[in-house]
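The next block holds one structure in the form of structure tokens; read it before the comments.
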Amino acid sequence: MKNRILSGEYETAEIEMCKRHFRPEERVLELGAAIGYVSLFCQIHLSIQDYAVVEANPNTTRMLLENYRLNNKYPNLITAALDRQDGTTELSLNPDFWADSLVNAHLSQNPCITVPSLTLSSILSKLPFRPSTLLIDIEGSEIHLGEEVIPAEVTKIVCELHPELLGVKAAFKVISDFFKQGFQIIDNQSQVYVLAR
């Protein structure tokens, strides 16, 4: 992992989009925080104070907590998966933790675990602040966001699409759903799109 980070192979597009578009006054909700690399970058290097993270895999969450401890930070953390309803869901565990996914978990050859699931509105209700920005990297589960109303105070979205999991048409329906809620694309790199309204 260290070598991937140092060689610029891990979350490169997300970091670049954050550097270009985030300011210290952002109030960020990150869906799919993994080991906390992007969230710690934003808090340490971009001076963002209001930051909350959501991560589905409890094993990855343990690494996130350790990384936060090593950096003398304390996360606003929710351990759950974004889904269509509150309850539980199956998470497919990929050998590369950053590729864990709910998409077709029941068909996966990888082991699966049951994790808590929450809708976006339920996640928002648990936060200590109202986010102005969503940062989304949830391996295909971004498809569920099209079914929810994005609150008016959210004016910026950074979203990685996963057409390899969803198919191209379904992946770009996510962007179309954001358009319907008043967002427009203002930047992109690779599969990471920045939208604003």
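The values are calculated or read from the model by the stated rules, or taken from the named source; none is laboratory data. Predicted, not measured: the structure shown is a model, and the values here were computed from it. Backbone-built Cβ (ideal geometry, glycine too); neighbour counts: all protein chains shown. For accessibility, only protein heavy atoms count, side chains too; no ligands or nucleic acids. Shrake-Rupley method; radii C 1.70, N 1.55, O 1.52, S 1.80 Å.
Side notes on the structure shown:
- Unique match (being closer than 20 Å to L161 by Cβ, modelled with pLDDT under 95 and in a helix (DSSP H, G or I)) among I5, I15: I15
- Unique residue being among the acidic types (D, E) and over 23 Å from Y37 (Cβ atoms) when the list is E164, E147: E147
- Of all the residues in the range 39-60, those that are at pLDDT below 95, of a type in the set (V, I, T) and either in contact with a Leu (Cβ under 9 Å, 6 or more places away or on another chain) or part of a loop (DSSP other than H, G, I, E, B) (or both) number 0.
- Scanning the range 76-99 for residues that are in contact with a strand residue (DSSP E or B) (Cβ under 6 Å, 6 or more places away or on another chain) and at pLDDT below 90 yields a total of 3.
- Scope the range 19-40; condition within 17 Å of P151 (Cβ to Cβ) and surrounded by 23 or more Cβ atoms within 10 Å (Cβ to Cβ); matching residues: V28, L29, E30, L31
- Criterion: in contact (Cβ under 8 Å) with a residue 40 or more places away in the chain, out of contact with any Leu (no Cβ under 6 Å at 6 or more places or on another chain) and among the β-branched types (V, I, T) - qualifying residue of I138, I186: I186
A quick yes/no check of all residues on (1) in a loop (DSSP other than H, G, I, E, B); (2) open to solvent by less than 60 Å² (accessible area, probe 1.4 Å); (3) at negative phi:
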| site | (1), (2), (3) |
| --- | --- |
| M63 | no, no, yes |
| R69 | no, no, yes |
| L77 | no, yes, yes |
| Q85 | yes, no, yes |
